[in-house]
Every structure is written in structure tokens, then in C-alpha cells.
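Presented below is the structure to which this report refers.
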Amino acid sequence: MTPYPTAVGSNTTATIARYGLTESSLRLLGKLFKSGRIRPAAPRRTMDAKPKGPRWWHGATLYQIYVRSWRDTNSDGYGDLPGVIAGLDYLQWLGVDAIWLSPTMPSPDEDWGYDVSDYLGVHPDLGTLADMDKLIAEARQRGIKIVLDLVPNHTSSAHAWFTDARSGRESAHRGYYVWADPVKREGEAGGGPPNNWRDAIGEPAWTMDDASGQYYLHNYLPSQPDLNWWDPRVHEEFRDIIRFWFDRGVAGYRIDVAHGLYKDALLRDNPPLIGGGRLDGGFGLRPVYSSHRPDTHGVYRDWRKIADGYSPQRLLLGETWMGDLGVLASYYGQNDELDLAFNLPFVFAEFNSGALAGVVDETLAKLPAGASPVWTASNHDISRFPTRWGGGDERKARLALLVLATLPGTTTFYYGDEIAMTDVAVPRELRRDRMSPGVGTEGRDAERTPMQWDASPSAGFTAEGVTPWLPLGDNAHRNVAAQRDDPRSTLCLVRDLLSGTDETFFQTVSARGSYTAAELLWGHKFTNIFLPPTADGIVRIDLRLIDGTEPAILPEIAPKS
Ligand code: GLC
Ligand code: CA
């Protein structure tokens, strides 16, 4: 085990070179060390600058591709797997270590792939199993790994398991889902749902199956029935599914609704949500009995054994929707459950140094030693950060990108982050997200619009004249092609941040000029001020506090004088 870096100071440069850490990571560590949060004897947290060894995600950059919006190669208006293959050279140039693909399995698309009808296939809109194999191989040649999205909390109602389960109470797969008899409550004429749980759009989480006279549970849409993890056969099915893709070379899974699998065996009512925010519940209820149940941890201990049995180890990255960082950290177990758990409190923190640094500090303090945090700022469910945090001010987006790229641990970018793509106002009649009522009146289409490759009328996303499945944003003004040609662009900043080791980044920057006045965000953790490139060719990034009240001044590449 590499010793924990205890000293931050005169030999910072050497430490950066030795540990591959960034200046800012080091200073954050130094601060934590001084505060006593981290003991000198503790093994250092996983902050390798670049993925190494079997736990390749430590220090790695994951890049989320919403496949339908990445690149369309057969002119049907939807991005596809051959389109992902076509973008691999770009992602290699950018310095990405792994791609997380939004759902790729067959689905009726009531929730755009998060309603799976066959876990062992590829959605015909996106391509074939052969395309997937080709993608894995082509990515591997470029040093890039492929991570799939796995949906174990629920299936599509079109899945053969549910079709069979619905065929009668005695059917073979009945027990794969959560069924309950109507419950007669005082003052009610007939029976009603067994409890007060609500689904993702705020409706009762129970739908009556007329044929059998029982309700089935759906925490999302009625077309997404929840699986019953109390049935051992469901465990068996998923063991087979995860091995199936691991055996094909898939490097890991992003696990959808990872906190949701088990439900209270007694189906007790959820208590009212008093206080708390978006991460703590919804529709007036705290989902105490319908999520974060203790038994769910056993599933990940089981899967972790399977994942660790592969070489290199396969990644288990959970969508852990939770405001309490202690609960979030519990999904890492004793480093024997999930490898990474998404940090939603960071995503929803205010964009200022105090709020973000608070989440970072608390996360690092709560994770088990040796575990890697994972940082992200945008995804397919949440407004893009250049809009949400930056209000469209590109300088703020650049600062956020700098922050993301220099935090210790694993970073996840959402496609388009690197060009500071903003949300797109999608007119109501063009919206495609059916789950909108539960996630805000605007729905989630705004952050799912096609990648902006170039300034052409089709944005380089699809063929000229083809209507993309969602409208294009401001690709005339913001696109990959233009930013790639401009060394002062946000894209080139991200590329510098991600390419090679951090040391190379600093050298690259000093060769080209310098990033000046990268300030503000959790700058209050650091006291250093900007240093011009020194004789050793190292440029230090200034993360000095402007106390959070002044506007952010953002990194720019100054022309070499
Ligand atoms: C997760 C996904 C989201 C989906 C939901 C139901 O939150 O990220 O897009 O709608 O699960 O599967
Ligand atoms: Ca297509």
C-alpha cells in the first residue's frame, strides 16, 4: 500500500510527480490531515492520478454517453452503438478511461431503456449484440473500458417474467414481483392499495391486476413493475445476467436505483417527510420502507465477489439516491459492496466553496479507508451543470470542470460537459420523457438533447434533413469541432485536465502559457496564490479564496508571452 502523503509544502512538486496528485488534491488532503480527520497511519485514499492495477477506476475518468443522443449512423434520428464506435477516437483524444452507456437492452422505452424487456440483448434501435462486441473490442484497443447500465430494481411490464407472472397466481414467475391483496381501510367501500407508497410521478405505487385481483408494486411507472428480491430465483437470474456481460468483456455496471432492491417485508406505510429535500423523499413521504432496506447490502456483497473474481476487477457503481452521506458510504460496506456510490449531495450542493467543500470533506471522512469517492455534476436525470450551477456563464462551467477534474477519486462526466453544453428548452410538443411529473414540470429532455459535434444544421449528430429524436441546442455556437481548433476553449481545458498524468497536464499548460486565476471554489481550503511557471516547468493552479461573495474568476489560458 502506498503511504499516505503527509507533507504538503516545499516538496509538493516531487509529491505530485510521485503520487500523481494534483496540487489541489494535495492541499485538500493536507487540510484533512491537519484537521485530524485522517490519521497518518491510515492507508491513503485512492487518489491515483490515472487508473492503474486491478481497481482501474481509482483516479479514472468515466464518461456517460446517453446513446440515443450521441451519434446516429443509420439516419433514424436516434444515436446508436455504431455511433458510439465512431466517437471512440474523440474520447481517446479527450483522455477518457471508461464509457458508461445509458441502457442498451431491449425495451419498450416507456422510460427510455430503464424498462428492460430482455437483459441479455441489445435494443434493436441501438444495434446488435455484434455491435456491442465490436464496441467493446474497439474501445479496448484505445485503452477505454465499457460499463453498462443495469436495472435490477424493476423490469418492463413487457418482460417475459412479468407476462408470465401476470398470467395467474400460480404462474412460475409470480414470485418474481411484489403482489399484494387489496386492503380494506376504515370508511372505505372496497379494498385499496396495501399501503401509502407513491411512484415516481406521485401516483399510488400499486396497480390493480384485474385478472388476479391483486395489486403489483411499481416505484416508477406502472409499466416498470418492481422485482421481488425476497425471491432467491431473482438473485440467481441477476448473477447470470451480470456474468453474461462480464464474460463478453464489459468492465462493470452502473446500477440503476441501487438503493431500491429490497422492500419492507411487511409493506408498512412510509412516514411523512418532515423537512428534508429532494434527496430525502417526495410527495410528502420519506421512503423508509420502500428503499435503503438493510437486506439490499447482501446483494452487493454477493455481486462484489463475482466482480472481484474477474481480471481486471469489474466495477460496481451504484445510483444511490440519498441525502445522508453516512448512508451513502454504507453502500461501500467494508470495501466489500459497491466500489463506487454516486454522490447526489455533491450534485445538488450550491455552487460555492463552502457548500461543495463541506460535501467533499464529509464524503472523504465517511468512506471506508481505501475506497474511492466518485464525483459527478450532470447526468440524464438532472439539469446540466453549466445551466444549473453556471447559469449559462461559461467561466463558471470551466471552474466546475477544473474542480471535477482535480478532486481526488473517480470523476464522471456527462456527454457534452466538456464543451459546457447547457440545457435545451424543449417545447412541450417535442418532449419525450414520460416521467416528467415526478421530476419537475420541465421533465428531463432538456439535458438529453443530441451531442453538438459541429455547426452544421444536423450538428454532426445525424444526416442532413433527418429530424433528431430531440431538438438540437445552440450547436452553431457551441460544438466540438470549433472548440477542438481553439486552444483556449473549454474542450481543450478538459482535454488538458484529463490527458496523460496530472504532471503532464501541468507541463502541457506551462508549455502553452498558464491558467490564471482559477479561484473561488473551495479555495478557502487553500492558501496558495497563483505562481507563474517555475524553472521546473510546473504551473500551480490558484484555488485561493475570494470568500464566496465575489463572482468567480475562471481559468483561462493566457497566450504565452
Ligand atoms: C434511475 C434512472 C432514471 C430512471 C429511473 C427508473 O433514477 O437514472 O433515468 O427513470 O432510475 O429506472
Ligand atoms: Ca440510429
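Each label point was placed 7 Å from the Cα along the Cα-to-Cβ direction; for residue 274 and residue 464 their separation is 6.5 nm. Evaluating kT/(6 pi eta Rh) at 37 °C and 0.692 mPa s, with the Kirkwood radius of the range 177-302 over Cα pairs in the Stokes-Einstein relation, gives 203 µm² s⁻¹. Highest mean packing comes first when the peptides 389-395, 449-455 are listed by Cβ atoms within 10 Å, giving 449-455, 389-395.
A simple rule links phi to the HN-Hα coupling: the Karplus curve 6.51 cos²θ - 1.76 cosθ + 1.60 with θ = phi - 60°, which for the range 395-401 gives 4, 5, 4, 5, 5, 4, 5 Hz, with x for Gly and Pro.
Of the peptides 121-131, 290-300, the order by per-residue mean of other Cβ atoms within 10 Å, starting with the highest, comes out as 290-300, 121-131. Counting charges near residue 201 (Lys, Arg +1; Asp, Glu -1) among other residues having Cβ under 13 Å from its Cβ returns a value of -2.
Shown for 435, 421: other C-beta atoms within 10 Å of each C-beta, ranked fewest to most, produce the order 435, 421. For the range 73-127 and the range 473-488, what is the separation of their Cα centres, given in Å? A separation of 24 Å, based on Cα centres.
With Cα atoms defining each centre, the range 199-213 and the range 310-339 are spaced 31 Å apart in the structure.
Got a sec? How would 419, 306 order by Cβ neighbour count within 10 Å, fewest to most?
Numbers: 419 25, 306 15.
Lowest to highest Cβ neighbour count: 306, 419.
Only the Cβ atoms of Lys and Arg (+1) and of Asp and Glu (-1) were treated as charged; on that basis the dipole of the range 329-442 about its Cα centre amounts to roughly 320 debye.
Quarter the surface of the alpha carbon convex hull of the range 156-226 and you get the mean projected area, 4.7 square nanometres. Remark on residue 226: its backbone amide H falls under 5 Å from those of 178, 217, 218, 219, a criterion applied only to residues 5 or more positions apart or on other chains, H modelled at 1.01 Å from N. 3J(HN,Hα) along the range 205-216: 7, 10, 10, 6, 9, 4, 4, 9, x, 10, 8, 10 Hz, from the Karplus curve 6.51 cos²θ - 1.76 cosθ + 1.60 with θ = phi - 60°, whole Hz, x for Gly and Pro. The ranking of 73, 467 by Cβ neighbour count inside 10 Å, starting from the fewest, reads 467, 73. Sequence-ordered 3J(HN,Hα) estimates for the range 300-308 from the Karplus curve with 6.51, -1.76 and 1.60 and θ = phi - 60° stand at 6, 5, 5, 5, 4, 4, 5, 4, 6 Hz, glycine and proline given as x.
Quick note: the coordinates plus some simple rules give every number you see, no bench work behind them. Computed from a predicted structure; not experimentally measured. No Cβ is skipped: glycine too gets one built from the backbone with ideal geometry, and neighbour counts run over all protein chains shown.
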